[in-house]
Each structure stands twice: as structure tokens, then as C-alpha cells.
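Sending over a structure as C-alpha cells; questions will come in a sec.
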Amino acid sequence: MRVIEAKDYADLSRKAANVISAQVILKPNSVLGLATGSTPIGTYKQLIDWYNKGDIDFSMTKSINLDEYVGLDGTNDQSYRYFMDNNFFDHINIKKENTFVPSGVANDMEAECVRYDKLIADMGGIDIQLLGIGHDGHIGFNEPGAAFEKTTHLVTLDERTIEANARFFASKDEVPKRAITMGIKSIMQARKLLLIANGPDKKEIVQKAINGPVTPLIPASILQFHPDLTVIYCFN
Ligand code: GLP
């Protein structure tokens, strides 16, 4: 595990973007596992900036996202598909048909889970997975529980997650109660992992996740077992 302390959020974002940009330069047809939340926004901005300067070419790159709210389609401005288009894909030359986010509105959500796992396998797995971390230690929407859930599955969001994500919605009541998320096995099978965490409120959970016991009660703690994990944090 490599643990890197960033000076501030801009530094964290540049460092994370550097890692992703190196991946795309070295392997232009990389499969990028991507994340939502407020933390990666600066990373995406930096990558867009380097793309505009002609430093990175995403034309052969594919992406697969971690999760989506159940009940929101891609035109809903709170959906993670909308977030990814708006914050990243619409500003670079990745082909939209090569970007994948689980559907939150499939008729058969169980079948959507199976389809998503097959999609990851058909893409040849994930080259680098970008991750944020929730205050309860969730990665994607893998919430604390009795066991690590291996494959793509449906989750009922924890009260703490709903509260944390309410800031993006008009009110807490509007936050969807359920989500679809990539499982721990798919995340752990990514060839590289890049976990980013920003702000004093993330300090305690990051320390527990990377130094504490590995337990499904802190889903991110499993990342300690990954052979190529980089953690970039700024707790200022
Ligand atoms: C959401 C996402 C996670 C993300 C987490 C932290 O719940 N599903 O993938 O890591 O929020 O978000 P933030 O970066 O805004 O703290």
C-alpha cells in the first residue's frame, strides 16, 4: 500500500489525476473504474484540463462506474450517470458508448446486477479503480454489514449515507433509499486501486480503514489486502 499525504484538495486532485493520466498514456485502451461524490470532482477537472491541452487522449478508453441510485434515470440531475456526463465525459473525447454506469431504472434490477458483472468480465476487468470513501467506510455503495458482498447487488442505504448525500438534494426525503453497486470482489479484482479522501471529517474512517482490522463493518478495510493500492488523502 502506498499512502500519500496531499498538501490540499488541489494537490490531491492533481496527484490522483496524474495517476489516472499515466494509466491512460501507458495503456490508451484502459478500462477506468470511476467514482462519484464530491471528492473526485477536482480529479476530473484536472484530467479535463490536461485533455484540453492535448496531453491525454481518451478515444480508446472505456469506463465503468461503481454505482447508481435505484429509481433515478440518467436524465435526473441527481443520478450518477448525469454526474459523470456533466463532470467528466461531456468534456473529453471518450466515446459515450464506452462509458458504463449501472441502470437504476431497469425493469428487472436483479438481472441488471448480473448484466453488470458480465459487462466487467467482458471488458477484461478493470485496470484502475478510483474510489472515494463514505463516513461509515463504504466504497461504492457497499455499506457496512455482516459480510462482504462479492458481486453487483442492490443495497438499502444507511441512514448516515442518506444524511451525508442529502446535501446534493432539495431535501433528505428526496435521497433514494436504495442503490445498485459493484461488489467488493469486482473492486478487489481491479488491477490497481486509487482511494482518495479529503477533509478532516474523513480522517478517522480512513485511519480505521487502512490501519485497523479488516472487517465487513468497515467495507474499505478489505482494500488492505489489495496488492496495488494507493491512498491519497488530505485531512486539512
Ligand atoms: C457516495 C458514493 C461513494 C463516495 C461517497 C463519498 O455515497 N456512492 O462512491 O465515495 O459518496 O462521497 P464524497 O466524496 O462526497 O465524500
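When you look at T61, is it farther than 22 Å from V114 by Cα, in contact with a Pro (Cβ under 8 Å, 6 or more places away or on another chain) and buried (at least 19 other Cβ atoms within 10 Å of the Cβ), yes or no?
Yes; evaluated as a whole, the condition is true for this residue.
With a cut-off of at least 3 residues that are polar (S, T, N, Q) and surrounded by 14 or more Cβ atoms within 10 Å (Cβ to Cβ), name the strands (runs of 3 or more DSSP E) lying wholly within the stretch 150-213.
Result: empty, no element qualifies.
Can you name the number of the only condition in (1) surrounded by fewer than 14 Cβ atoms within 10 Å (Cβ to Cβ); (2) under 28 Å from N236 (Cβ atoms); (3) not polar (S, T, N, Q) that G54 fails?
Exception for G54: condition (2).
Let me ask something else. Go through (1) closer than 18 Å to I128 by Cα; (2) of a type in the set (V, I, T); (3) over 19 Å from the mean Cα position of the chain (by Cα) and name the single condition I20 misses.
(3)
Report those strands (runs of 3 or more DSSP E) wholly inside the stretch 1-110 carrying at least 1 residues which are of a type in the set (K, R).
Working: elements: 2-5, 31-34, 62-65, 67-69.
Answer list for the stretch 1-110: 2-5, 62-65.
Okay, next question. Could you tell me how many of the residues in the stretch 46-85 are touching an Asp or Glu at 6+ places or on another chain (Cβ under 8 Å) and among the polar types (S, T, N, Q)?
2
Filter the stretch 64-85 for residues that are over 16 Å from the mean Cα position of the chain (by Cα) and acidic (D, E); which is surrounded by the fewest Cβ atoms within 10 Å (Cβ to Cβ)?
The selected residue is D77.
Consider only pairs whose beta carbons are under 7 Å apart and that are at least six residues apart or on different chains; among these, list those whose first residue lies in the stretch 23-43 and is among the small types (G, A, S) and whose second residue is within 8 Å of the ligand (Cβ to nearest atom) and assigned to a loop (DSSP other than H, G, I, E, B).
G33/L66; A35/L66; A35/G132; G37/G132
Across the stretch 118-135, what is the total count of residues that are charged (D, E, K, R) and either surrounded by fewer than 16 Cβ atoms within 10 Å (Cβ to Cβ) or at pLDDT below 95 (or both)?
The total comes to 2.
Within the stretch 214-236, track down each residue that is touching a residue at least 24 places away in the same chain (Cβ under 8 Å), assigned to a strand (DSSP E or B) and under 16 Å from E149 (Cβ atoms).
Of everything in the stretch 214-236, just one residue is touching a residue at least 24 places away in the same chain (Cβ under 8 Å), assigned to a strand (DSSP E or B) and under 16 Å from E149 (Cβ atoms), namely I218.
If you go through the stretch 194-209 one residue at a time, how many are within 15 Å of the ligand (Cβ to nearest atom) and out of contact with any helix residue (DSSP H, G or I) (no Cβ under 6 Å at 6 or more places or on another chain)?
Residues that pass the stated criteria total 9.
Give the stretch 111-153 a look and list any residue that's within 14 Å of the ligand (Cβ to nearest atom), of a type in the set (V, I, T) and in contact with a Lys or Arg (Cβ under 8 Å, 6 or more places away or on another chain), or say none.
Answer for the stretch 111-153, where residues must be within 14 Å of the ligand (Cβ to nearest atom), of a type in the set (V, I, T) and in contact with a Lys or Arg (Cβ under 8 Å, 6 or more places away or on another chain): just I133.
Still on this structure: Any residue in the stretch 188-201 that is within 29 Å of D8 (Cα to Cα), free of Cβ contacts under 8 Å to residues at least 60 places away in the same chain and under 16 Å from the mean Cα position of the chain (by Cα)?
Within the stretch 188-201, one or more residues are within 29 Å of D8 (Cα to Cα), free of Cβ contacts under 8 Å to residues at least 60 places away in the same chain and under 16 Å from the mean Cα position of the chain (by Cα).
Pull up the stretch 11-44, narrow it to residues that are surrounded by fewer than 18 Cβ atoms within 10 Å (Cβ to Cβ) and under 20 Å from D67 (Cβ atoms), then point me to the one that is farthest from the ligand (Cβ to nearest atom).
Only one residue fits best here, namely I41.
Among residues belonging to the stretch 214-223 that are more than 12 Å from the ligand (Cβ to nearest atom) and within 25 Å of A121 (Cβ to Cβ), point out the one that is surrounded by the fewest Cβ atoms within 10 Å (Cβ to Cβ).
P216
The values are calculated or read from the model by the stated rules, or taken from the named source; none is laboratory data. Every value quoted in this text rests on a predicted model; they were computed, and no experiment measured them. Methodologically, a virtual Cβ is constructed for each residue, glycine included, from the backbone with ideal geometry; neighbour enumeration extends over all protein chains shown.
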